[in-house]
Structures are given as structure tokens and as C-alpha cells.
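Taking it in order: structure first as C-alpha cells, then the write-up.
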Amino acid sequence: MPIRTAVPPRVLTVAGSDSGGGAGIQADLKTMLALGVHGMSVLTAVTAQNSLGVQGAWELPVDAVRAQYRSVVDDIGVQAVKTGMLASAALVETVAELLAGTDAPVVVDPVGVSKHGDALLAAEALDSVRTKLLPVATVATPNLDEVAQLTGVRVTDESGMRRAAGEILGFGPRWVVIKGGHLPGEAVDLLTDGSAEHWLRAPRHDNRHTHGTGCTLASAIASGLALGMDVPTAVQGAKTYVTGAIEAGFPLGGGIGPVDHGWLTRTAV
């Protein structure tokens, strides 16, 4: 085996742990490995979670989150940061402050609820997401439920996705991906910065095992940005990766299984 001397791009995920391994920090790090970057983590919360849902969640103290972040960024450095479950207003505001002082693109996945409908963000933290976190985002990646939480807009068709994008951009991110996977028909997402529009379409796979799709997409985008891609290229690449991972998703336990983060390797064998 040759000894690797080049340092791969470094991507930091700031998110919660999924004990079932399908979403959260675990999905983020698997995605980063699959896409050729070095993944690092700041843990914000611990969940007791499996294929059936979230049985419990415990957020970490603000000081613990800040210490993890400074430990990694000050010594190792980052080429991109991705945020996921932040749980509380205090954590949202702390992470937003840290991101504002970091010279790297930021992908914000404004996680509000789990795949099973379990709340992962306190209701009182929504305003902090709007006013503190989204303004520091290079790319925000809300799904339709998170759009409704943040803006009150209920999206039922593609024209509604355009309206939702405008509402989210009003909070300050440079780009937004409105994820339309919950709409009927093909899986369509809208990427826009308010002027350029990119409609990303993929066939819908008949597979219920889709746990971790949002975390995976955001981490794939961050990985692309760390590799030097522009935003549209990174998002298109992430869409392709997630579509393959959904197609290869597999059953675990008695509920919704995860997407397959290693599908690229298995396809190549």
C-alpha cells in the first residue's frame, strides 16, 4: 500500500449523533469518506435513535460545543463546515457566532424534525435560526417541512418551491436548495441564489429506506465545496450521490432503514 502524503480537504460537521448510524454525525462522516474528504465533528447532541424513531435526545452544553469547534478549527483548519441538529436557541446562536468567524463556506441543514416526525429543534430556537444561523450560510438546504416551520409557506407544487426559496433567501443565505422530495412525481430540488435557478431532477426510486437523506445531501454539498467546486456543481454532484444512496438504501430493524453511503464503492466492485 502506498503511503499517502497529500492532505485531503477537511470538512467539519456540527451536528447531533444518531445511535442507529443512518443520519446525523454518522451519516455526515460516512458521506465525507465516500467523497474523498477528511471529516471532523463537533457533537451538539446525543440521541437514542433507531429505525422506528427517536426515543430520547440530550443536548451538550454550549461550552462543550464551543471547545470542540475551537479545538478542530484552530489546529487542523477547515475547507467547509456543515451544520445539522442544533437543538436549542443557545446552541444555534453559539454555532452561528463561531461560523461567522471562520473563513470557509458553510452548508446549513436547518434540521427541525426527524424522518419519523420527532422534533429535533426547540420551537423557541426557530427565530435564532432565521436571524443568526441562516445569514452566515453559503447554502441552506431546508426540506418542505422545515420551510413551513421557518416561513409558514406550505409548498404543494414547483411554483411553491420558488416562493419558498425567496422567503428563505430573505433570511440571508447566499444560496438555497429547496428539497422537493416530499412532493409527488420525480424527485425535484430547486437551487437558487435569487437570480440563477437550477432545477435538479432525478427519478424517484421505490424504496422506503431513506433515513439520513438530508444529512447526506448537506454533507455531500460541503464536501464538494471543500474540493473546490462552485455551488451549482457541488449541489448537482451531491444530488447524484444522494440519488444513488437512496436507490441502494437497505432495511434495518423494524422501521425505516438508511440510505447506503457506500454505494459508490459497492457499485465499482
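The values are calculated or read from the model by the stated rules, or taken from the named source; none is laboratory data. Since this is a predicted model, take the numbers as computed values, not measurements. Counting neighbours? That spans all protein chains shown, and the Cβs are built from the backbone with ideal geometry, glycine included. SASA here: full protein model, heavy atoms, side chains in, ligands and nucleic acids out. Shrake-Rupley method; radii C 1.70, N 1.55, O 1.52, S 1.80 Å.
Data table
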read-out	value
Residue tally, condition among the hydrophobic types (A, V, I, L, M, F, W, C), more than 22 Å from Thr216 (Cα to Cα) and either surrounded by fewer than 18 Cβ atoms within 10 Å (Cβ to Cβ) or touching an Asp or Glu at 6+ places or on another chain (Cβ under 8 Å) (or both), over the range 127-166	1
Residue in the range 204-222 that is open to solvent by 60 Å² or more (accessible area, probe 1.4 Å) and touching an Asp or Glu at 6+ places or on another chain (Cβ under 8 Å) present	yes
Failed item in (1) touching an Asp or Glu at 6+ places or on another chain (Cβ under 8 Å); (2) under 26 Å from His182 (Cβ atoms), with Ala89 passing the rest	(2)
Hits in the range 167-190 (condition: in contact (Cβ under 8 Å) with a residue 24 or more places away in the chain, open to solvent by 20 Å² or more (accessible area, probe 1.4 Å), among the charged types (D, E, K, R) and in contact with a strand residue (DSSP E or B) (Cβ under 6 Å, 6 or more places away or on another chain))	Lys179
Selection within the range 40-58 - surrounded by 20 or more Cβ atoms within 10 Å (Cβ to Cβ) and over 14 Å from Thr83 (Cβ atoms)	Thr47, Gln49, Asn50, Val54
Tabulated pairs, the range 9-29, first free of Cβ contacts under 8 Å to residues at least 40 places away in the same chain, second part of a helix (DSSP H, G or I) and open to solvent by less than 20 Å² (accessible area, probe 1.4 Å), C-beta under 6 angstrom, 6+ apart or interchain	Ser17/Gly24; Ser17/Ile25
Number of the exception - Arg70 against (1) open to solvent by less than 20 Å² (accessible area, probe 1.4 Å); (2) farther than 19 Å from Pro135 by Cβ; (3) without any contact (Cβ under 8 Å) to a residue 60 or more places away in the chain; (4) over 15 Å from the mean Cα position of the chain (by Cα)	(1)
Unmet requirement for Gly39, which otherwise passes all of (1) part of a strand (DSSP E or B); (2) in contact with a Pro (Cβ under 8 Å, 6 or more places away or on another chain)	(2)
Exclusive hit being closer than 19 Å to Thr216 by Cβ and either charged (D, E, K, R) or touching a residue at least 12 places away in the same chain (Cβ under 8 Å) (or both), set Val95, Val108	Val108
